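Every number here is computed from the coordinates shown, using simple stated rules; none is lab data. The model shown is predicted, which means the values in this text are computed figures rather than measured ones. Glycine gets a Cβ as well: all are built from the backbone with ideal geometry, and neighbour counts include every protein chain shown.
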Amino acid sequence: MSKAETRMIQSMVYWVRYANIQDRGWPGKPLHAPAATRYPNVLAEIDASGMYLWAPAQHAGISEGVLAAVLEDNEDLTLNGLCGLCGLYKRRMSYMVARTLQVIDPATKKGKARQRALADLLKQADGTGIWRRAGESVLSRLDRGEPVTYAAYRQAMDALKDAIYWQSEEGKAAGKEAAHGR
């Protein structure tokens, strides 16, 4: 594992711990303790989603304490647990079990293409308010030449696509129908 990947994992663990301490407490190690995980992309998905630990733990069919151990103590997940998380985040098993953190590197050709796609989507999402924050944050890091997790990039793209849809005439009509129970 590279130093950059290790730093990203430590940062994600810190923020997941911090958010959960604010909610219901953290069942694992102290806030600044070092962490190691076999599932860096599971950690990235939890971090990017902003979900508290109880939600992915529930989908995995395990306790918050077990999931904390998976994220910071190199513990293993069961196949059922992995399937639950794949369903929650709509990701393939191969991605979720990969030992390498999947990142978007703005120095690569593919990274530059994804950076342009995000910038274009942000332009289309002008006027959508809060939905732009994740996209702006991810794009800002890419513009500075910093890699971002694939999970953070995908979450930002999905939020922007949703915002654009709900601002469209079709989205507004769907919202009205849903509000009236049709």
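By a straight-distance test (C-alpha under 23 Å), which lysines pair with Lys29 as possible cross-link partners, with residues fewer than eight away in the same chain excluded?
Straight-distance partners of Lys29: Lys3.
Taking only Cα atoms, what is the 0 to 90° angle, nearest 10, from helix 150-167's long axis to the longest principal axis of the chain?
Helix 150-167 sits at roughly 30 degrees to that axis.
Hey, can you rank 161-173, 82-94, 47-59 by average C-beta count inside 10 Å, highest first? Please report the intermediate quantities before stating the final value.
Numbers: 161-173: 13.2, 82-94: 16.0, 47-59: 18.2.
Those peptides, ordered most packed to least, come out 47-59, 82-94, 161-173.
Suppose every K and R has +1 on its Cβ and every D and E has -1 on its Cβ; what is the size of the dipole of the chain about the Cα centre, in Debye to the nearest 20?
480 debye
On a 0 to 90 degree scale, rounded to 10, what angle separates helix 109-124 from the longest Cα axis of the chain?
Computed tilt is about 50 degrees.
State the answer as a single residue: which of Ser11, Val42, Leu101 lies farthest towards the positive end of the charge dipole of the chain, with beta carbon charges of +1 for Lys and Arg and -1 for Asp and Glu, about the Cα centre.
With unit charges placed on the Cβ atoms, the residue in question is Leu101.
Over all distinct alpha-carbon pairs, what is the Kirkwood Rh of the chain in angstrom?
17.5 Å is the Kirkwood radius here.
If you take the Cα Rg of segment 57-163 and divide it by 2.2 N^0.38 Å, with N the number of residues, what do you get? Intermediate results must be reported in sequence, preceding the final value.
Numbers: Rg = 16.0 Å, N = 107, 2.2 N^0.38 = 13.0 Å.
This ratio for segment 57-163 stands at 1.23.
Work out, step by step, the length gained on full extension between Ala19 and His180: first 0.36 nm times the residue separation, then minus their alpha carbon distance; give nm to one decimal.
Working it through step by step, the gained length comes to 54.4 nm.
Can you show me the helix-derived [θ] at 222 nm for the chain, built from DSSP H runs with n ≥ 4 at -39,500 (n - 2.57) apiece and divided by the number of residues, rounded to the nearest 500.
-20500 deg cm²/dmol
Among the lysines, which have Cα under 20 Å from the Cα of Lys90 when same-chain residues fewer than 8 positions away are ignored?
Hits, sequence-local ones excluded: Lys161.
Using Cα pairs under 8 angstrom and six or more residues apart, how large is the relative contact order of the chain, in percent?
It comes to 19 percent, rounded to a whole number.
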